[in-house]
Amino acid sequence: MAQVVLEGVTKIFEGDVTAAKDISFTAQEGEFVVLVGPSGCGKSTILRMIAGLETVTEGRISIGERVVNDVHPKDRDIAMVFQNYALYPHMSVYENMAFGLRMRKFAKGEIDTRVKDVAEILELRDYLRRKPKALSGGQRQRVALGRAIVRHPQVFLFDEPLSNLDAKLRVQMRAEIAKLHQRLGATMIYVTHDQVEAMTMGSRIVVLKDGLLQQVDTPLNLYNHPVNKFVAGFIGSPAMNFFACDVENGAFKFANRNIALPSELQSRLKNKTILGVRPEHFQAEKEAADGWVKIKPLIEVVEPMGSETYLHFNLDGLTGVARLNADVPAEAGKSFTLAFNLNNCHFFDAETEQAL
């Protein structure tokens, strides 16, 4: 178990393509850090640089007390779990899990003990003689996890390991990996494009966009205090609604209405401001208290989700989505009154998109 420190790490591929620029963050000992962002944001490249599978163009990576920029992958004492499992099809589950230990010349008895102990943890004892083709997707992923765990590495690296699983298995495996982290107390760095995975699994999250680090924080702080519009829109499901507003004379113009601003907000906001409202912060009119901003948009689509309902609406050309109780009496093609409280809203500079 060791901390991982990235200091000003940059990766430039041939052709002057910058995949990651000036990335700095620390994964503390025993921490579960998630790298999240859209495709092409550089998260897998960063993970591969930590693993030693990509060279570092600039900056420094340390694992424990050692700078590893020039250390061979096999000597970094890390274990990596890939998206495609990377199991040997001709080997049994036992042989797949034992292979790395055999290559490192571990004693036969030590190998047997480690493999069987990990198989017990991952509920694979009954499958040790099977080949990968005789396993389900979830079982194959557990074998890939087991192959990493038996090595007792300082750091575990996960590169979108659940992408190939169906929705139900993803939820199950998320819980299993989280429990595994609690049991092992190991340092884990996990890459995903799924913000739900990031929010539910990470003790801290590194949000990336276009190879640039946007924010490093706990899940709740990312949700409640995003530093810019991108983070605000990426974290949360459904995504935050954004509405362009003009602010003047102590009020902001929203949907052809002038809404008075509290004095605290008047000093913060710019003339051109973007208002951010999370779907779950809308309420039906009958549930809203005095002082809430009320709007009456046209409901375009009603999505019943069972425990809740999503309303996709249009208000004088402004489109958005509200997340309400399941029994909300809204109908597509009709107007419906919604309300939101300015205290729950987020505001961003329209020019820089930074939080105000």
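The values are calculated or read from the model by the stated rules, or taken from the named source; none is laboratory data. In this text the structure is predicted, and so the values were computed from the model without any measurement. Heads up, the Cβs are rebuilt from the backbone with ideal geometry, glycines too, and the neighbour counts pull from every protein chain shown. With ligands, DNA and RNA removed, areas are computed over all heavy atoms of the protein, side chains included. Shrake-Rupley method; radii C 1.70, N 1.55, O 1.52, S 1.80 Å.
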### Query
At a probe size of 1.4 Å, how large is the accessible area of Arg268, to the nearest 10 Å²?
80 Å²
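Taking the Cβ-Cβ separation of Asn249 and Asn221 as r and a Förster radius of 35 Å, what is the calculated FRET efficiency to the nearest 0.05?
That gives a FRET efficiency of 0.55.
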### Task
Give the calculated FRET efficiency between Glu120 and Asn84 to the nearest 0.05, with a Förster radius of 30 Å applied to their Cβ-Cβ distance.
0.70
### Label-point gap, in nm, between Met103 and Tyr310 - each point 7 angstrom along Cα→Cβ
4.3 nm
### Query
Taking 0.36 nm per residue of separation and subtracting the Cα-Cα distance, what length does fully extending Gln28 through Ser203 add?
62.0 nm
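Can you list the DSSP H helices in the chain whose Cα atoms extend at least 24 Å along the helix axis and whose mean Kyte-Doolittle hydropathy is -0.5 or higher?
Working: long enough: 167-184 (26 Å, -0.42).
Both cut-offs are met by 167-184.
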### Query
In straight Cα distance, which aspartates and glutamates are under 13 Å from Lys253, not counting same-chain residues fewer than 8 positions off?
Asp316
### Query
the stretch 28-99: which GluC sites (Glu not before Pro) are DSSP loop and have at most 12 other beta-carbon atoms within 10 angstrom?
Glu65
### Query
Hey, got a sec? Which chymotrypsin sites (Phe, Trp or Tyr not before Pro) in the stretch 239-333 land in a DSSP loop and have at most 12 other Cβ atoms within 10 Å?
none
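What pairs in Lys74/Lys131; Lys229/Lys272; Lys229/Lys270; Lys43/Lys168; Lys74/Lys209 have C-alpha atoms more than 21 Å from each other? Don't skip to the answer; put the middle values down first.
On the way: Lys74/Lys131 26 Å; Lys229/Lys272 14 Å; Lys229/Lys270 15 Å; Lys43/Lys168 25 Å; Lys74/Lys209 30 Å.
Result: Lys74/Lys131; Lys43/Lys168; Lys74/Lys209 exceed 21 Å.
In Å², and per residue, what accessible area does the chain have when probed at 1.4 Å with the other protein chains present?
On the way: 17190 Å² over 356 residues.
On a per-residue basis, the chain sits at 48 Å².
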### Distance in nm between pseudo-label sites at Glu351 and Lys179 (7 Å out along the Cβ direction from Cα)
5.4 nm
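Tell me, what is the percent relative contact order of the stretch 171-269, built from C-alpha pairs under 8 Å that lie six or more residues apart? Mind showing how you got there, number by number?
Values: 83 pairs, mean separation 13.0, N = 99.
Relative contact order of the stretch 171-269: 13 percent.
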### Task
Tell me the label-point distance for the pair Glu331, Glu7, using the 7 Å Cα-to-Cβ offset, in nm and rounded to one decimal.
6.7 nm
### Task
With a Förster radius of 41 Å, plug the Cβ-Cβ distance of Glu58 and Lys168 into 1/(1 + (r/R0)^6) and report the FRET value to the nearest 0.05.
0.45
